[in-house]
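Engineer: Here it is, the structure in full.
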Amino acid sequence: MTASVSALAVLPDDVDATALLAELRTWVEIESHTPDVAGVNAMVDRAEAYAKACGLTIERQPGKPGYGDVLIVRSGQAGEGEKGLLILAHLDTVHARGTLANRLNWREEANRIYGPGIYDMKSGALMTLEALKLALATGNGPKLPVTIVFGPDEETGSISSRDVIEAEGRKARYALVVEPARDGGKIVVARKGVAIFDIGVFGKASHAGTHPQNGVSAIREAAKIVLKLEALNDFERGITVTVGQIEGGAGRNIIPAECHLKVDVRLPDAEAQNEVLAFISGLKPDDERISLEIAGGMNRPAFPRSAAGDALFAHARDVAKSLDIDLVGVTTGGGSDGNFTAALGVATLDGLGADGAGAHTHEEYILKDSIKPRTALLANLILSLE
Ligand SMILES: [Zn+2]
C-alpha cells in the first residue's frame, strides 16, 4: 500500500513538540536504571498516568523479583483469532541513579537534547503514546487493535518481561520496536542473536606470603579463559565474544579462590550459534584443580530478514517518503525485544524511535527536529497497517 502526502492523516505539524518535550523531560528526570526497581516503577507510574490521560486501556503486571512492572497499553479489541499491531518499548535505562545530577543532566544545545535514557529510549516510548493518541483522533482510527508493551528490563535482556512480549507477539501480525534510530535516522531490519554467560572459576585460597604453594589461583585460570573466549571473535563472520566484566580475589595478599566473568556473545546465524555455544559450554580448565561453573546461553535469538519483514519495510518506506523521510534499513549487532517477535515469525521493524546518538554513554542525546516527523511516521504506520 502506498500513501501519498495528501493521504497522510497525521502530519508532522500535528505533533505538539513543545508539550511532548516538556513531558519527556519529566520522564528523563525519573531515573530508571534496570535494577533500581523503585526508579523503574516510578517511571511506569508516569507512563501509566499519561496513557490513561490519553484514554487508553491499561494493564500492569508485577515483574519477577528484582524487576519493575510491565505496562501493557491497548486500544481496540482483537476479534477471535484476529491479529493486531504490537509496539515494543522499554522504560528502563543503563544509567544508575545520580547520573542525571553528576554526568548527564537534561540540557539543550541547539538541535540536541541530552539526558540519561533520552535516546535509548524514553523519547521513542513517549512518541509512541503520542502517535497512538494522534492516530485515534483521526476519522477512522487504526485498522488493527494496537497493543504497546513497555518493558522494565530490556537493558539486561528482558528476563522478566520476555513471557509477556512473546505472548503478545503471538497475537500480532506486525511488531514495531521504537528503539532509537541509527545514525541519520536509519531503522533496523535485522539483528544478531545475543547469548550471555556467567562463568565462575573456583580454585583454592592461601596466604600469598607464607603458603602460596597451597593455593590455586582462580584469577590465573580466568585470565586464560578470557583469552580463549576472545579468540572466538570473527568480525568477518559477524561473531563477537566479549568478556565485559571480571571480578575476583579477596585481597592483594591472598591467592584468589574465586573469579567471575560476564560474557557477551553476538551471533549472526544458527551455524555460528551452534559452534560458539558448544565451545563455551565445553570449556575445561587447564589446571585440573580448578573447577568451572558455566551458566547462560542464548538470551535473544537472531532476528534475520524475512519476506514478511521486507514487505513491512517497503510499506514503511512508502509512508516515510510521503513525510520526506528517506528510510534506510540496516542490520545491527545490538539485540532488542524485536528479536523475540522476529523469532516468532512476526514481521518486525525496529529503530523507529528518535534520531540521535550516544546510547549507553554519558553523551546520550536526541535530535530535537526528529521528534515531529518520526512521531508522524509512527502515527501513520499505526493507521495504515492492516
Ligand atoms: Zn533500548
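The values are calculated or read from the model by the stated rules, or taken from the named source; none is laboratory data. Remember, predicted model here, so these are calculated numbers, not experimental data. Every residue, glycine as well, gets a Cβ built from its backbone with ideal geometry; the counts of neighbours run over all protein chains shown.
Engineer: Would you please name the residue that is surrounded by the most Cβ atoms within 10 Å (Cβ to Cβ), looking only at residues in segment 97-120 that are out of contact with any helix residue (DSSP H, G or I) (no Cβ under 7 Å at 6 or more places or on another chain) and among the polar types (S, T, N, Q)?
Structural biologist: Filtering first and then ranking leaves 99.
Engineer: Could you grab me the full set of residues in segment 83-124 that are in a loop (DSSP other than H, G, I, E, B), more than 21 Å from the chain's Cα centre (by Cα) and over 24 Å from residue 380 (Cβ atoms)?
Structural biologist: 98, 103, 105, 106, 110
Engineer: Restricting to segment 159-170, give me the number of residues that are away from the ligand (no atom under 16 Å from the Cβ), buried (at least 18 other Cβ atoms within 10 Å of the Cβ) and of a type in the set (Gly, Ala, Ser).
Structural biologist: Looking only at that region, the number is 1.
Engineer: So, one more: Of (1) part of a loop (DSSP other than H, G, I, E, B); (2) within 16 Å of the ligand (Cβ to nearest atom); (3) more than 23 Å from residue 20 (Cα to Cα), residue 78 satisfies all except one. Which?
Structural biologist: The failed condition is (2).
Engineer: Moving to a separate point now. Going through segment 270-286 one residue at a time, which ones are in a helix (DSSP H, G or I) and either over 26 Å from the mean Cα position of the chain (by Cα) or surrounded by fewer than 17 Cβ atoms within 10 Å (Cβ to Cβ) (or both)?
Structural biologist: Across segment 270-286, the qualifying residues are 270, 271, 274, 275, 278, 279, 281.
Engineer: Oh, and also: Scan segment 82-124 for residues that are among the acidic types (Asp, Glu), more than 26 Å from residue 8 (Cβ to Cβ) and more than 16 Å from the ligand (Cβ to nearest atom) and jot them down.
Structural biologist: Those that are among the acidic types (Asp, Glu), more than 26 Å from residue 8 (Cβ to Cβ) and more than 16 Å from the ligand (Cβ to nearest atom): 108, 109.
Engineer: Does residue 156 satisfy the criteria of being polar (S, T, N, Q), crowded, with 18+ Cβ neighbours inside 10 Å, under 13 Å from the mean Cα position of the chain (by Cα) and within 16 Å of the ligand (Cβ to nearest atom)?
Structural biologist: no
Engineer: Next question. So residue 210 passes all but one of these: (1) of a type in the set (Val, Ile, Thr); (2) without any contact (Cβ under 8 Å) to a residue 12 or more places away in the chain; (3) touching a His at 6+ places or on another chain (Cβ under 9 Å). Which condition number does it fail?
Structural biologist: Checking residue 210 against (1) of a type in the set (Val, Ile, Thr); (2) without any contact (Cβ under 8 Å) to a residue 12 or more places away in the chain; (3) touching a His at 6+ places or on another chain (Cβ under 9 Å), the one that fails is (3).
Engineer: Going through 173, 220 one at a time, which residue ends up being surrounded by 15 or more Cβ atoms within 10 Å (Cβ to Cβ), out of contact with any strand residue (DSSP E or B) (no Cβ under 6 Å at 6 or more places or on another chain) and in a strand (DSSP E or B)?
Structural biologist: Of 173, 220, the one residue that is surrounded by 15 or more Cβ atoms within 10 Å (Cβ to Cβ), out of contact with any strand residue (DSSP E or B) (no Cβ under 6 Å at 6 or more places or on another chain) and in a strand (DSSP E or B) is 173.
Engineer: Hey, any hits in segment 137-145 for a residue that's of a type in the set (Val, Ile, Thr), modelled with pLDDT under 95 and either buried (at least 21 other Cβ atoms within 10 Å of the Cβ) or more than 16 Å from the ligand (Cβ to nearest atom) (or both)?
Structural biologist: Yes.
Engineer: Out of 309, 335, 345, 353, which single residue is at positive phi, touching a residue at least 24 places away in the same chain (Cβ under 8 Å) and within 21 Å of the chain's Cα centre (by Cα)?
Structural biologist: 345
Engineer: Just one of the numbered conditions (1) within 16 Å of the ligand (Cβ to nearest atom); (2) in a loop (DSSP other than H, G, I, E, B) is not true of residue 127; which one?
Structural biologist: Only one criterion is unmet by residue 127, namely (2).
Engineer: With the requirement that a residue be part of a strand (DSSP E or B) and either crowded, with 18+ Cβ neighbours inside 10 Å or touching a helix residue (DSSP H, G or I) at 6+ places or on another chain (Cβ under 9 Å) (or both), what does segment 47-67 give you?
Structural biologist: If the condition is that a residue be part of a strand (DSSP E or B) and either crowded, with 18+ Cβ neighbours inside 10 Å or touching a helix residue (DSSP H, G or I) at 6+ places or on another chain (Cβ under 9 Å) (or both), then 57, 58, 60, 61 are the ones that fit.
Engineer: If I ask for residues that are surrounded by 13 or more Cβ atoms within 10 Å (Cβ to Cβ) and not in a loop (DSSP other than H, G, I, E, B), which ones from segment 287-309 would you list?
Structural biologist: Hits for segment 287-309 are 291, 292, 294, 296, 297, 298, 299, 300, 303, 308, 309.
Engineer: Name the strands (runs of 3 or more DSSP E) wholly inside segment 315-386 in which the number of residues that are surrounded by fewer than 24 Cβ atoms within 10 Å (Cβ to Cβ), of a type outside the set (A, V, I, L, M) and more than 16 Å from the ligand (Cβ to nearest atom) is 1 or more.
Structural biologist: Hits in segment 315-386: 329-332.
Engineer: May I pose another question? Mind listing whichever residues of segment 343-357 are hydrophobic (A, V, I, L, M, F, W, C) and at pLDDT 95 or above?
Structural biologist: Matches in segment 343-357: 346, 347, 349, 352, 354, 357.
Engineer: Only residues in segment 262-284 that are closer than 16 Å to residue 235 by Cβ count as the first member; pair them with residues that are aliphatic (A, V, I, L, M) and assigned to a loop (DSSP other than H, G, I, E, B), Cβ under 9 angstrom, at least 6 apart or cross-chain, and list the lot.
Structural biologist: Qualifying pairs under 9 Å: 265/232; 267/302; 268/302; 269/302; 272/302; 275/232; 276/232.
Engineer: Identify, from the list 70, 94, the residue that is buried (at least 20 other Cβ atoms within 10 Å of the Cβ) and touching a residue at least 40 places away in the same chain (Cβ under 8 Å).
Structural biologist: Going through 70, 94 in turn, just one is buried (at least 20 other Cβ atoms within 10 Å of the Cβ) and touching a residue at least 40 places away in the same chain (Cβ under 8 Å): 70.
Engineer: Could we say that residue 195 is small (Gly, Ala, Ser), assigned to a strand (DSSP E or B) and touching a residue at least 12 places away in the same chain (Cβ under 8 Å) here?
Structural biologist: For residue 195, the condition - small (Gly, Ala, Ser), assigned to a strand (DSSP E or B) and touching a residue at least 12 places away in the same chain (Cβ under 8 Å) - is met.
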